[in-house]
Every structure is written in structure tokens, then in C-alpha cells.
1. Answer yes if at least one residue in the stretch 706-714 is at pLDDT 90 or above and within 26 Å of THR610 (Cα to Cα), and no otherwise.
2. So for the stretch 740-759 (the condition being small (Gly, Ala, Ser) and under 22 Å from GLY657 (Cβ atoms)), does at least one residue qualify?
3. With respect to SER555, determine if the residue is closer than 20 Å to ILE718 by Cα and touching a Cys at 6+ places or on another chain (Cβ under 9 Å).
4. Determine, yes or no, whether PRO739 is in a loop (DSSP other than H, G, I, E, B), modelled with pLDDT of 85 or more and not aromatic (Phe, Trp, Tyr).
5. Out of everything in the stretch 516-553 that is within 27 Å of ARG244 (Cα to Cα) and open to solvent by 20 Å² or more (accessible area, probe 1.4 Å), what residue ends up being farthest from the chain's Cα centre (by Cα)?
6. Looking at ALA68, ALA87 in this structure, which one is in contact with a Phe, Trp or Tyr (Cβ under 9 Å, 6 or more places away or on another chain) and at pLDDT below 60?
7. For the stretch 755-795, give me each residue that is in a loop (DSSP other than H, G, I, E, B), among the basic types (Lys, Arg) and touching a Ser or Thr at 6+ places or on another chain (Cβ under 8 Å).
8. What are the residues in the stretch 845-861 that are surrounded by 20 or more Cβ atoms within 10 Å (Cβ to Cβ), over 22 Å from the mean Cα position of the chain (by Cα) and outside any loop (DSSP other than H, G, I, E, B), if any?
Amino acid sequence: MVVDGTKKPKVSAPVVAPPRKINVQKFAESRAPELQSLQCIVENRLSNDYKSQRNKRRRTTSFNDQIARKGHRRKRQKRGIVDKVNAESVLNKESVMQLPRRVRRRYELKSNPESGFCSSGDGTKRLRTHVWHAKRFSMTKLWGYHLPLGLHGRGKGSRALLKKLKQGVLVHDASYYSAVQLEGPEDSLVSVLRMVLVPSPTEETHPRNHNDSVLSGITYGIAMLHQVGAPDSQAIAPVTYMWRPTFQENIKDLGVSDEKIIPDVDLCKKSERLECISSSRHLWVWIHASAFEEGYDCLKLACQKEMEKRGISISCSSLEGKLAKLELMGSGTFRLLQKILHPVSSISENHWQLKQHVTMEENHVSQNTKSSILKNEEHFSSRAMLSLTVKDPRDLPVKKTVFQTEPISTKALSDAQETSCKELADLGGMLGKNKDMTSLSWSEFRDSQYDVDDLWYATTRGLKPPVEDSVLSMEKHRERMVNFCLDDINVGEANSSKGPCSRTCPILLLKNDMKELTMGWSVILRLSWVKAFWIPLVTNGAHAIGLREKQWIASDLGIPFFPQDFPDCKAYSFFMAAKAAECNQKEDLRPPSVRNLRVPILPPWGIIHTTFNKEISSMETLDLSAGENLTNANSLSKSCPDNFKISYFDSDNSFDGTLARTGCMLTTLLNETKTGRLLLFPYAADGKARISKFIKGELMLDMSHRSSIIYDHKLCFIRVLLHPFKEGFFEEGAVICAPRPSDISLWTSSSVKSEAGLKLSESAMRSYFKENSSGKWGMQIPDDSIGRESHRWPIGFVTTACVQGSKRLVAQGFCEAVLLSDLRAEQWKEMPLKQRRTEIYVLVRNLRSVAYRLALASIVLEYQENDIDFL
């Protein structure tokens, strides 16, 4: 048998492609037995009863008589279609205004302009997520915007919200925040910030917020914006400021633009130019909508003074309507960001890749670094800022591939930005000789860098909007048609976007400082991209919240909420005045027999002068000494002196005083009060160690030196956290009073404990605050002995109420610092050493209640250096 060495090629059977069309009738006939068997199974499960269950029936449309009027309905539908086409085609505003309001409003709400907010007839601006929120939330008009107040109902649901905060993700559209961009020499911009910010950039010494990291663009800063002038000038609002990363500033202007880097270029010869360019920086200052106009004018005035002083040019422009801000908080925030953010490139990351080539001289860098940049949240420092260019989150694959690579820490990114001229020169030569060294070509790196620059140059460059939803839907439909091997009859009618669009978006990720295990991130992006990010965030598990829910979170975490917890700002006065007018208007509509007791909505801060004037007549100077016993100190519980007779104190409702928000301001207060002998212990001045010495008895009080007046400046308030002692719920606007030593024993002593506690009489409660004819509120001191026995002197007010659904009830308020210190001295004098504590006992009474509740007041500045965080 002869065997041929050459094998004959095997002829494969032709692959039969599935049919492009299916005949439904023939398909059903061929599958008739299978369909009949399925029908038998269904009949057996339903017992041959195909009627719908009674509890699942819904109301029919037989009640609607409009259906019978088919001619009217068809005419309106046809008219609506024609009007929609006209609205999209015409460009004349007068022609658009001739269309029906229903058509114009629908067209406006669906539009997505590149910049600017759509507004209603009265000029109130709408967020880009207005339609989504209006269907689900109660809307309110605030600060010139239609904003979501909260879910429909009576304002309940705080327990479920706080549970989602610990176990899920919450998202809030904070597009009502706007940014002011400053551009000019770095030293001049720093000088401008010193004029208006407290603490100024040179004063920040907290290890979590170094000047180097903030100036280099690695982290952002938080401060209080003040009017230009003295350090104690009026506060405007808390702001967040961020510098454009120095690496982006240098790359942009070094002369390495459209052409590739020439290997032989000596970049060190351009060191003078580099120094000149690096001094020109960009700075963003984010301000709340309620104080944006005032803050913008303040920054322009500061820039004008700096330009007149140095003879330079500083650009100050508003970015309102060009950038947006989305706030995410909760334990699962970072996992959600990993799910929807697919980085294309990032400035920090590309620079890190190039830095690795210079220092380590490697020939290959993992292409998965882009994915690993968002791998581990622990590698990002507090208040970290990261520039990324991400894909459109609406057009992402179903599953995301996870790469196991080593994440890049923020510290490494910070080190990467300290590249010297020599390393840059070496980098240019290496990129010219070894094109395969990096996974990104220079042109791709340059394009990605320009994409990120678009976010910083929002005022000068055109912003490309995202692809329209209809185009993405049509593309997905075609993909499904191809997968099912079906012909698309609408292939010739392809839907295309109008104008240039983009499928990538440059963003800024900001890591927010949140307490305990609650993590927070903010996403800064173009305003036209808010819708493109909002829907994927919500559909992937984020729970949207309004202003009311956001304040609940701030109260539970002990973080001040703007503007309610900033009584020294004009925004607070305007907000509370509008709230008082709204409440009074609602009460006037009710019958007089069922109206509630009229109380001051805006706390009358001026009545604290009554308590201070009463105290200052007998105030005693406290001396610090070691090893001596406590002597008699002044007590707030003393009755009024004979020459201090006042029945009604008429005060101005405006906030007349200062707020100590930094350790330096509190230290200044101590120095002004005669050698700083107040029992206040700033955290920055090693207050924790000093207060422990007082509690243990190592430092004592000496009352030998007396002074009639120890403080002749404005009243100084400090923020305190109020924890109810065993029972009580504190409402917004509640008055904080100074207790007597016998009052504390009613709750703390088992032998003297009284179930009734301390109460006012009904008449004394109704007359505690009185409103005069000019609308100002004052405190009325009772004349009878019984009324004076239950009267307690006010030292502050509650600005944020307790959250009912929280496991740890805590309220926020402000108390006068000198009175609070004197109250602590009195309590330490009366208590044995073992019962002393850092908290101060105070009495809190809701305005419409007769009962006083005992609370423990913790001074915030004794536990942290600065009190400038806000939500």
C-alpha cells in the first residue's frame, strides 16, 4: 500500500449564517409542540384561571372623558409634533415665544447648552437636574435657584437616611456653588488670599494641609472669606480654594506644544523662562450661591488693591454657569466612583509614568496604571485633588476589568511634581530616542493634557457638550440589532448630534474630610456634563438628597452647615429673615384661636449683652497657680445687683459680635482678657494637656486679684456641641442658659433628683421674649420673686437642631466665650476633682417649652485646631 506523503486539504463545511428575517407564522408552526407544552405548564400553575388577581388590579381609564374626544386629542398631538419641530428649527427668539408655553417649556427643560442655567419666567435659575428632582422632591426657591428641599412629606426619614450614609452612597447636586478664577503671579495671588482668608495660607500649619501641597495643586484648602480690611472684619462665607497643579502650568507654557520633543533640546537653558512662567498661576475659589456676589466683589476689590500696590495685572473672572459640582458621601462612595469612572488619562498619572522612566530607567510601564489610579482610597491623603479625563459614564461596558497593579499614592504624585530641569532634559532625550518606552505617545499625552486644561480654561476655550442621549440610544439599538442578526430599517435615518460633541470629560476629584468612617468625594466637571454623570450615579445605587437631608448629615457629624451655622455672615441674616417672613405669613393665615406662640425665628443675639452687663459688674480676674485651693468665683446664678434694674431689654436682632473659628483667634481673646486667665484651652496651644492638669488638680485657681472690667471688646462667640444629659431634644433657635449649681444636682444627684426638673411658669415662658413695634425682639425679666427664681440668663442659642433618627443626639450652637469660661470656673469650684469633666453643664430650653433640659457643651476649638470645615 502506497501512502501519499502529502495530505489532502480538508474541505470545511460552509458556515450557514442565521437568517436575517424570521417568518413568525412558520416559526410558530415548527415550534407548536413546545408552545403547547409551555401553555399546559402555565395552565397547571394558574389552575386554568387567567384572571388577574384582585389586589393587583389598577384603575382603568374609563373615567377620563378626554379619550372620547379623539379629534381634540389627535389635533393636540399633531400640533405638539409640529410645534416641537418648529421650536428646534427656528433661531429667532420672537418666533419661539409665539409657540405654546407647554412646548417652549418642554424644549427648554430638555436642552443642554454648553454654559449657563435655564431660568423660569421670574428669572430663577434651574439646575441641570431640575426635571429629575422636580418629579421626586419638594422644590424651593433659594438664592436665585430652584433647589430640592427634600422628599415629599412631613420632613421625616432621618433614620433611614443616616443608615444609607453608613452603608450606601448619597449624592447631592451642588451646582449652585460657583467658582471665581484668579490668574496672575503666584506671590501676588498669595498676597490677595492673605487679605481676605482666615486662616491665611501662611497661617495653616496643620499637618493635613501643608502650604506646599496646596500651592502645588496636590490638595485644596478651606478657609473663611472676610471683607478686605482688618483681621476682625465681617465674615462672608466659608470657601474652598485650589491651585492649578504646577506641573500643568509648566507643561503648558514650556514650548513643547504641537511638535515632538527634540532629544537634544537643553531645557536647562530655559530655566529663567521656566521661573517666570511658573510664577503665573491659576486659582479657583468656590463660594456658596447665597454669598457669591458679595464674595466676588470682595475678591475683585482685593485684586484691585494688589494691582495698584505692585503695578501688575491680575485677572479675576466669574465661572458661574460654566462648572458644576456633585457631592458624594457614604461608605460606598469610592466603590461607586471606581464603577462609573474609567480614566482615559490624567495629568498626575502621566507625569508619574514619565517620572518613573527618568528615575528608574525602566523600559516598560504597565498600561494598567490608569485603572490603578482609583484602586485604593487609603492612598489618597486628606483633601487630595486629582485631575482625570474619563469616558462618558453612559457609554461604558457592562463589566469592568480589574487590574491587579500597585496603586499610586498621593505622596508619590507630590514627589513627581518636583522634577528638576536636568530630569526634564533627560526626559526629552529619552522620549525622542525610545518611542516604545511609554504606552502613551507624546501626541496622546499632549491631547490628554489639553483635555484637562479645558476644565481650567473654561472661560477661554469652547466646551464640547456630551453626545446626546438619542444618539447613544440609537447606537445601542444598532448593536442589539447586529447581535440578533436583524436588519435595521432606520439605518438611513441615522441620528447625529448637532455640533461638535465629546465622549470624554475632564473632571477634578476632591476628597472631602468627613468624620469617623463616613467618606466623601466631590466631582467638579463642566456644567453640560451634569446630566451625563447624574443618571449613572443614581442608577448604580446612589441615593439623591436635598438641602434638608444634607443638613441632617451635617448635624449628625457635628459639622457646621452654611448658612444656618454661620451667624456672623450676611447670608445667615438674609436667610433667617426670609424664613421668619415665611413663617409669619403662614401663621397669619391661620385663625387666631389655633395660632402658635410667636417666637423669634432669627435669634436675638443682642440679649446676650444683658447677661454680660450683669456679669461684668462683678467679674473677677482668675489667676493660675499650682497647689492652691479654689476660692470664691463669680457666679452666673447671683441675682441682679440693686443698681441693675431692667424690665425689658430692647436689642438689635443682627449679630453684634465676633466668632472665634481658629485657635489663633481664641488665643487672641485670651490675651486681651488681662493675661489670658479665662478657662479656655485652645487645641493649638497644647490645651489638651493644660485642661487635664486643671481636672486633676495640678493647677488651681486664685481669685485674689479682682477687676471690674476685664474685657471691653465685642462679644466673642465660639461653637459648641450640645449633648442632652439623659433626655431632651433641642430645636433650632433654642436658648442656651447658665445653670445654677443646684440646678445640675436635679439631674446628676440621686438624692436630689426630681422628676419634674426645672420649669418656667406658662406666663413667664410666653413673656420671656417680647417683640416691640419696630419688629425687634428683647428679653423681659420678671419682676416677681417666683419668676426670678426660675429665670436663667441666656449665654447663646442653638443654630442646628438634633436629628430625630440619630442614635447620638447632638445639636450645634454658639455661646459667649467669656460667660462660658466663667461658667466652667463656677462648676469646677463646686465639684470635687473626681467629678470634673472637660464638658460644661448648660441648660437648654426650646422657645415654646416651659422645661429646661440639662446638656453637656463641648467647645469645638478645644478638640481641633481650626473650626473651618463646613458642609
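The values are calculated or read from the model by the stated rules, or taken from the named source; none is laboratory data. Just so it is clear, the model here is predicted, and its values are computed rather than measured. Positions of Cβ are generated from backbone atoms using ideal geometry, with glycine treated the same way; all protein chains shown enter the neighbour counts. Just so you know, the surface numbers come from the protein's heavy atoms only, side chains and all, with ligands and any DNA or RNA stripped out. Shrake-Rupley method; radii C 1.70, N 1.55, O 1.52, S 1.80 Å.
1. no
2. Within the stretch 740-759 (the criterion being small (Gly, Ala, Ser) and under 22 Å from GLY657 (Cβ atoms)), the answer is no, since none of the residues qualifies.
3. yes
4. Yes; evaluated as a whole, the condition is true for this residue.
5. Here the answer is LYS531.
6. Answer to the check: ALA87.
7. LYS776
8. ARG845, ARG853, LEU854, ALA855, ALA857, ILE859, listed by residue number.
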